[in-house]
Amino acid sequence: MTDYPVSVTGIKLKHSWWTTDSAVRHSVMDSLKMEISRAKLENSSINFYSSLRYDTDIIFWMTADSWEKLSAFKVFLSKTFGDYGEFNYGFLSVCQKPFVENKNAKYFIAYPMRKSTEWYLLPENERKQITAEHISMAKSSGNNNNISSYTMKSFGVSDDEFLVLYELPSINEWIRVVEELRQARARKWVTKEIPVLAGIKDEAFLYFQ
């Protein structure tokens, strides 16, 4: 089984970013584009989003084939943004299969998740049944149109136990799906699902203009 390290990073831009010369922002944009292209050649992927939250401006989702590459990308972000931005969120996990890009997805959701001790004390078969019920409810929802979901393990490398990611074409439909799933039996053992990072694909690099 191959594990693929995953990181989701939030950056908050400082006031100095907006007051600096536009040539500096364009230079950072060019460096970022080159890094994204280079990652593709090295069996990695970097997705870039503009945050919909007030407390984060840019979200990066990286998948690689080694932890060293995640570390190198973090160093790259630190050097590239320098005094113009700071990290305010960072999640780590591993995915046990390669991601398949959802080309219909415009939006991105990410949040850490933690479950109670009582969950892990349930018999394994019962946990599998409860999880299967939850997945079935999500897939059968009339509002679930091309939503891709990934629940990945973060035990021992992050403050929480799981990292949950979604790629989706519609925020409005997503909200309705989440509301429906509040009725799922699995909710009984979930103790944390915050903070929720929400982003939109920024193919125009609006934060760099």
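Here, each number is a calculation from the coordinates, and none is a lab measurement. Just so we're clear, the structure is a prediction, and the values are computed from it rather than from any experiment. Positions of Cβ are backbone-derived with ideal geometry, glycine not excepted, and every protein chain shown enters the neighbour counts.
What the Cβ-Cβ distance of Glu203 and Asn88 gives, at R0 = 30 Å and to the nearest 0.05, is a FRET efficiency of 0.80.
Just so you know, the Rg over Rh for the stretch 108-194 is 0.96, from Cα atoms, with Rh as the Kirkwood radius. What number, in percent, do you get for the relative contact order of the stretch 108-194 if the mean sequence gap of Cα pairs under 8 Å and at least 6 apart is divided by its residue count? Rounded, it is 49 percent for the stretch 108-194. Note on the chain: with a GNM built from Cα contacts shorter than 10 Å, the maximum mean-square fluctuation among Phe76, Phe162, Phe108 falls on Phe76.
Once the C-beta distance of Thr80 and Ile175 is scaled by a Förster radius of 41 Å, the resulting FRET efficiency is 0.75 to the nearest 0.05. Rounded to the nearest 0.05, the FRET efficiency derived from the C-beta distance between Lys153 and Tyr54 at R0 = 22 Å is 0.15.
Assuming charge only on the beta carbon of Lys and Arg (+1) and of Asp and Glu (-1), the dipole of the stretch 108-194 about its Cα centre is about 160 debye to the nearest 20. Taking other C-beta atoms within 10 angstrom as a stand-in for reagent exposure, Phe87, Phe155, Phe60 fall in the order Phe155, Phe87, Phe60, fewest first.
What order, most packed first, do the peptides 168-174, 65-71 have when packing is the mean number of other Cβ atoms within 10 Å of each residue? Can you show the working numbers first?
Details: 168-174: 16.1, 65-71: 14.1.
In decreasing order of mean packing, 168-174, 65-71 become 168-174, 65-71.
Across the chain, the relative contact order, built from alpha-carbon pairs under 8 Å that are at least six residues apart, equals 30 percent. With a cut-off of 14 Å on the backbone N, no residue of the stretch 95-133 is near the modelled label site 7 Å out from Ser71 along Cα-Cβ.
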